1. How large are Rg and Dmax for region 104-199 when only the alpha carbon atoms are used, in Å?
2. So in the chain, which Cys have no other cysteine's beta-carbon sitting under 4.7 angstrom from theirs?
3. Return the equivalent ellipsoid semi-axes of region 1-63 as a descending list in whole Å, where each equals the square root of 5 times an eigenvalue of the C-alpha gyration tensor.
4. Which entries in the list Lys30/Lys124; Lys30/Lys213; Lys42/Lys213 go over 24 Å, if you measure between the two C-alpha atoms of each?
5. Sum -39500 (n - 2.57) across every DSSP H segment of at least 4 residues in the chain, then divide by the residue count to get the 222 nm mean residue ellipticity, nearest 500.
6. Treating only the Cβ atoms of Lys and Arg (+1) and Asp and Glu (-1) as charged, compute the dipole magnitude of region 1-102 about its Cα centre; round to the nearest 20 debye.
7. Given Tyr5, Met78, Ile15, which one lies farthest toward the positive end of the charge dipole of region 1-118, if we put +1 on the Cβ of every Lys and Arg and -1 on the Cβ of every Asp and Glu?
8. If ligands, DNA and RNA are left out, what is the accessible area of Glu106 with a 1.4 Å probe, given in Å² to the nearest 10?
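The values are calculated or read from the model by the stated rules, or taken from the named source; none is laboratory data. From a predicted model like this one, the values you see are computed outputs, not experimental measurements. Cβ: placed from backbone, ideal geometry, glycine included. Neighbour counts: every protein chain shown. We work out accessible area using only protein heavy atoms, side chains counted, and drop any ligands, DNA or RNA first. Shrake-Rupley method; radii C 1.70, N 1.55, O 1.52, S 1.80 Å.
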Amino acid sequence: MLPAYTIIAFVFLLIPIAYTFVFSFNDSLKSNISWRGFTFDKWLNVCTVEGGAVCEAFGNSIVIGVVSTVVATALGTMIAIALVRYRFRARSATSLLLFLPMATPEVVLGAGLAAQFLAVGVPKDMLTIILAHIMFCISFVVVTVKARVASLDPALEEAGRDLYGSPIQVFWRVTFPLLLPGILAAALLSFALSFDDFIITNFNSGSVTTFPKYVYISASRGIPAEANVIASAVFLFAIILVVTAQVSRAARAKRLAKQG
């Protein structure tokens with residue numbers, strides 16, 4: 001029965017995605033609940049609804065996700081290297097504190113950050129969203145990169161030093177290329193978490209609207225088909241990215257096998 005259960009689970013997971021994709025072609029008016037007919041207009045004029053509000057929200061999510069990912073990945077990578085390679089006071093406490101944002105409910109985390117910004121007198125805007133996203137993304141980056149750092153063979157870096165490489169040269173020519181797969185994985189995870197976040201964003205966004213927030217607000221009156229278009233495009237882009245990475249990896253493995 002295991003294959004049957006597997007198929008049922010996949011169908012259950014893919015039904016919402018299929019619904020979103022199909023209804024992105026719906027010739028809807030204000031509400032996108034019932035099917036009215038097939039059209040490409042929603043894909044060709046995705047930014048026309050509500051004065052381009054959906055595209056503005058999507059753009060805000062992209063900017064917030066990219067900035068948060070770059071900062072969180074850079075800081076998280078440095079923290080991960082420090083935790084694995086160095087011994088210092090409060091090292092265990094630092095590791096514990098980094099896990100707290102992952103274990104804390106998002107409602108508590110979002111409300112706490114909102115209270116902190118209010119106490120300091122920082123107005124809620126895109127900056128507060130980015131700071132909040134950096135804070136909870138760092139934990140995921142540290143966990144991901146830390147596992148990669150722990151798996152590195154120190155002999156490779158020692159070989160670089162034996163060849164008279166400076167610490168900076170050894171890092172960029174030996175350590176960093178070996179860490180790069182873990183860093184990229186952490187960056188992709190960080191961007192996905194930032195782009196998809198609603199609860200923490202809703203507490204700290206003020207008047208700024210992100211794509212998840214726009215979808216939530218629009219749900220009360222019917223999500224427009226243009227939101228389905230953007231969601232479908234993001235899903236297709238992710239699929240293309242994964243397939244490209246798998247094909248590239250297979251081609252590289254085949255090429256190395258021929259060389260061997």
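1. 18.5, 54
2. Within the chain, the cysteines lacking a partner Cβ under 4.7 Å are Cys137.
3. Working: eigenvalues 187, 58, 14 Å².
Over the Cα atoms of region 1-63, the semi-axes work out to 31, 17, 8 Å.
4. On the way: Lys30/Lys124 30 Å; Lys30/Lys213 18 Å; Lys42/Lys213 20 Å.
Those over the limit are Lys30/Lys124.
5. On the way: 12 runs with 194 residues, N = 260.
Computed ellipticity for the chain at 222 nm equals -25000 deg cm²/dmol.
6. On the way: 7 positive and 4 negative charges, 147 e Å.
Once rounded to the nearest 20, the dipole reads 700 debye.
7. Met78
8. 80 Å²
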